[in-house]
Amino acid sequence: MITGKVLKKMREEAGLTQEELARLAGVSQAHIAKIENEKVNPRLSTINKILSVLRVNRKHKFKNLMTKQIISVQPNDSIELAAKLMRKYNISQLPVIERGGCVGSISEKTIVRNLDRITKESKVEDIMEEPFPIVSTNESLEVIRSLLDYHQAVLISEKGKLVGIVTKSDLLNLLE
């Protein structure tokens, strides 16, 4: 049976505050508090919205899935350095970071596509592509998965600072 106490435990396991759960479920924070304290008997539709959010966020918190060490390059770094980092860390793309923000991206595919025009002096900025999208650590699995349909990686930020990166291979860890 789903009780307020069970919902509170699920919310805490998902790492969500009452305010975050309320926003994601489309209800007020006060309503979440009343449900958890068993002061109200919520509608089934409200319980279903809350459970939907909790099921997505439970165990799939991107703070736990993301790679915390962001391997990156700067726009004025050589393409040779970017390729060397990709080989060393066995990754296929890198964010291009400047002054703490993502200004572009570079991938094996981009490098290969531009092989005919790359010289020893070529810089990452000469061939970099659009930056990876950036989302909060509280974003849902569905949003991250959707973004990865169109981008090679998603950067994760917390309080305006980049704290991690999620790629398709990180999502494979959900199968474990």
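Observations on the model:
- Inter-part distance where region 1-37 and region 99-167 are each reduced to a Cα centre, Å: 34
- Given +1 at the Cβ of Lys and Arg, -1 at the Cβ of Asp and Glu and no other charges, the dipole of the chain around its Cα centre is 800 debye to the nearest 20.
- Choice from Pro131, Pro75, Pro42 with maximal GNM fluctuation in the chain (Cα, 10 Å cutoff): Pro42
- Estimated at 0.36 nm per residue, the fully extended path between Arg99 and Ile71 surpasses their Cα-Cα distance by 8.6 nm.
- Nitroxide proxy distance, nm - points 7 Å out along Cα→Cβ at Ala33 and Arg55: 2.9
- In summary, the aspartates and glutamates within cross-link reach of Lys5, defined as a Cα separation below 20 angstrom excluding same-chain residues under 8 places away, comprise Glu13, Glu19, Glu20, Glu36, Glu38.
- Low-density loop cleavage sites - trypsin sites (Lys or Arg not before Pro) in region 77-176, where at most 13 other Cβ are within 10 Å (DSSP): Arg99, Lys120, Lys159
- Computed over the chain: relative contact order in percent, which uses C-alpha pairs under 8 Å that are six or more apart: 20
- Which listed pairs, of Lys9/Lys159; Lys34/Lys161; Lys8/Lys68; Lys120/Lys159, have C-alpha distances above 32 Å, in listed order: Lys34/Lys161; Lys120/Lys159
Bear in mind these aren't lab numbers, they're just calculated from the coordinates by the rules spelled out. All values derive from a computational prediction rather than experimental measurement. Methodologically, a virtual Cβ is constructed for each residue, glycine included, from the backbone with ideal geometry; neighbour enumeration extends over all protein chains shown.
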